[in-house]
Amino acid sequence: MTEAWPAMPEGSRLALREILIHGVLSRAEIARSLGLSRASLTRAMRTLVAHRMVVEVGTDVRGATGRPSELLQTSTGVWEFLGVKLTKDRVYAAVTDLGGRVLAVHEEAIVSPAPADLADQVASVADRLRAVHPAVCAMGVSLPGDVVLRDGVSIVVASQFLGWRDVPFAAMLEERAAMTVFTANDVHALTAKEHWLGAGAGRRSMVLVTVGEGVGLGLIANGQVSTGDHGRLGRIGHLAVLGGGPDCGIGHAGCASSYLPSPVIVRNAGQEGSTYDEVVELARSGDARALAAFEDAGRALGVVLASAVLIADPSAIVLTGDGLPVYDLARPAVDDALRGALAPYTEPVTIEVQPFEFSEWARAGAVLAIRRLLGE
């Protein structure tokens with residue numbers, strides 16, 4: 001039977017957050033990190049243990065005292081979460097435990113993108129997964145679009161890929177699926193997941209850049225996910241990058257969307273009707289026009305990355321998406337454009353390349369639910 005997520009005092013929420021991010025911690029490490037007294041930590045942990053959110057996993061000698069310390073990690077089998085990623089044509093889903101570990105994955109084609117129809121379909125997916133994983137207590141949905149809170153209601157203001165405007169999708173799903181539902185922009189959700197459970201774990205600042213059907217950016221600043229006042233932070237697809245060049249489709253010449261999205265690379269390679277993967281293979285085999293399209297895309301990516309560094313000054317950039325072959329095929333062009341756009345600054349830039357899987361975007365939905373329940 002699914003349990004309702006309990007209200008927790010601040011100390012318990014913060015202690016659970018520390019364990020989620022760092023995996024396994026001793027009580028002493030948690031107390032030092034949060035600045036809690038022994039009595040305060042005891043109270044905080046008592047709540048987590050009572051709700052079966054953490055378990056002991058042995059002891060270890062940690063710290064300067066040389067004393068064995070009890071180690072704690074998040075529990076399994078009690079609290080589970082459903083993450084959903086929507087694209088323009090598919091539903092990806094993942095069930096995770098409280099620590100974000102994936103327990104099950106599922107995908108299927110979208111039957112109809114109409115909001116009510118898609119809410120029915122996602123609710124059906126949730127019902128099927130909860131039949132096997134009855135501990136699922138909340139759902140997070142990441143989707144391509146701008147998501148904001150209006151009077152406490154989550155609204156998908158606009159989604160070009162789904163053709164939506166002003167859709168209260170979380171409320172529609174809650175009614176159908178009978179569980180708490182959170183929605184967020186897919187890049188923002190993935191950024192939050194990487195901040196807690198990926199390349200950005202423990203960092204106070206980070207930028208995530210995605211390349212694929214479009215170009216997106218997510219930002220961690222001062223340890224928090226930034227989304228902007230209108231849910232549109234990171235819409236860098238129309239950032240001017242090279243000047244001149246082909247029209248992006250809405251009148252810009254030489255913006256990132258003129259070169260970098262996967263369908264545009266296919267067009268610029270003169271291979272309309274081919275798939276992106278086919279054009280990637282053409283470039284690998286030495287096709288001159290395909291290589292030129294990837295080199296232009298690489299230069300555009302270098303300017304995008306440099307712009308992120310100059311604006312956000314992050315400790316690292318995470319690069320991901322199904323368009324990652326750009327970085328592989330055009331690495332010299334990326335590096336040259338990055339260095340040129342950053343000049344005269346010469347501080348090294350850490351770029352973490354994350355292999356792309358849609359299941360990770362679905363997992364990000366589950367982590368979104370966990371973070372929101374913890375008040376993040």
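Would you check if there is a residue in region 115-123 being under 26 Å from Ser226 (Cα atoms) and free of Cβ contacts under 8 Å to residues at least 24 places away in the same chain? Checked region 115-123: no residue is under 26 Å from Ser226 (Cα atoms) and free of Cβ contacts under 8 Å to residues at least 24 places away in the same chain. Pairs meeting the criteria (first residue in region 1-26 and touching a residue at least 40 places away in the same chain (Cβ under 8 Å) and open to solvent by 60 Å² or more (accessible area, probe 1.4 Å), second residue among the polar types (S, T, N, Q) and part of a helix (DSSP H, G or I), beta carbons under 9 Å, at least 6 apart or on different chains) are His22/Ser33.
Among the residues here, Trp164 qualifies as of a type in the set (Phe, Trp, Tyr) and more than 16 Å from Ala364 (Cα to Cα). Taken over region 140-155, the criterion of being under 24 Å from Ala94 (Cβ atoms), in a strand (DSSP E or B) and touching a residue at least 40 places away in the same chain (Cβ under 8 Å) is satisfied by Gly140, Val141, Ser142, Leu143, Asp146, Val147. Residues of region 269-281 include at least one that is over 30 Å from Ser12 (Cα atoms), in contact (Cβ under 8 Å) with a residue 24 or more places away in the chain, among the small types (Gly, Ala, Ser) and not in a helix (DSSP H, G or I). Residues in region 218-227 that are in a loop (DSSP other than H, G, I, E, B) and either open to solvent by 40 Å² or more (accessible area, probe 1.4 Å) or of a type in the set (Asp, Glu) (or both): Asn222, Thr227. Checking each residue in region 240-264 for being closer than 19 Å to Gln160 by Cβ and either open to solvent by 50 Å² or more (accessible area, probe 1.4 Å) or among the β-branched types (Val, Ile, Thr) (or both) picks out Asp247, Gly249, Ile250, Gly251, His252, Pro263, Val264. Among the candidates Val84, Val57, Val111, the residue that is surrounded by 14 or more Cβ atoms within 10 Å (Cβ to Cβ) and of a type outside the set (Phe, Trp, Tyr) is uniquely Val84.
From the set of residues in region 321-341 that are open to solvent by 10 Å² or more (accessible area, probe 1.4 Å) and within 11 Å of Thr210 (Cα to Cα), which is nearest to the chain's Cα centre (by Cα)? Per the stated criteria, the residue is Asp322.
Against the criterion of being within 20 Å of Gly216 (Cα to Cα), of a type outside the set (A, V, I, L, M) and in contact with a Phe, Trp or Tyr (Cβ under 8 Å, 6 or more places away or on another chain), Gly302 does not qualify. Within the set Ile265, Ile236, Ile311, Ile250, the sole residue that is within 27 Å of the chain's Cα centre (by Cα) and either small (Gly, Ala, Ser) or not in a helix (DSSP H, G or I) (or both) turns out to be Ile236.
Within region 87-105, the residues that satisfy the criterion of being under 30 Å from Leu48 (Cβ atoms), open to solvent by 30 Å² or more (accessible area, probe 1.4 Å) and part of a strand (DSSP E or B) are Val102, Leu103, Val105. State whether the residues of region 161-173 include one that is within 18 Å of Arg372 (Cβ to Cβ), without any contact (Cβ under 8 Å) to a residue 60 or more places away in the chain and of a type in the set (Asp, Glu). No. His133 satisfies every condition listed in (1) out of contact with any strand residue (DSSP E or B) (no Cβ under 6 Å at 6 or more places or on another chain); (2) open to solvent by 10 Å² or more (accessible area, probe 1.4 Å); (3) under 16 Å from Ile370 (Cβ atoms) except (1). You will find that of His195, His188, the residue that is free of Cβ contacts under 8 Å to residues at least 40 places away in the same chain, buried (at least 19 other Cβ atoms within 10 Å of the Cβ) and outside any loop (DSSP other than H, G, I, E, B) is His195 and no other.
The values are calculated or read from the model by the stated rules, or taken from the named source; none is laboratory data. Since this is a predicted model, take the numbers as computed values, not measurements. Methodologically, a virtual Cβ is constructed for each residue, glycine included, from the backbone with ideal geometry; neighbour enumeration extends over all protein chains shown. In case anyone asks, the SASA skips ligands and DNA or RNA and just uses the protein heavy atoms, side chains included. Shrake-Rupley method; radii C 1.70, N 1.55, O 1.52, S 1.80 Å.
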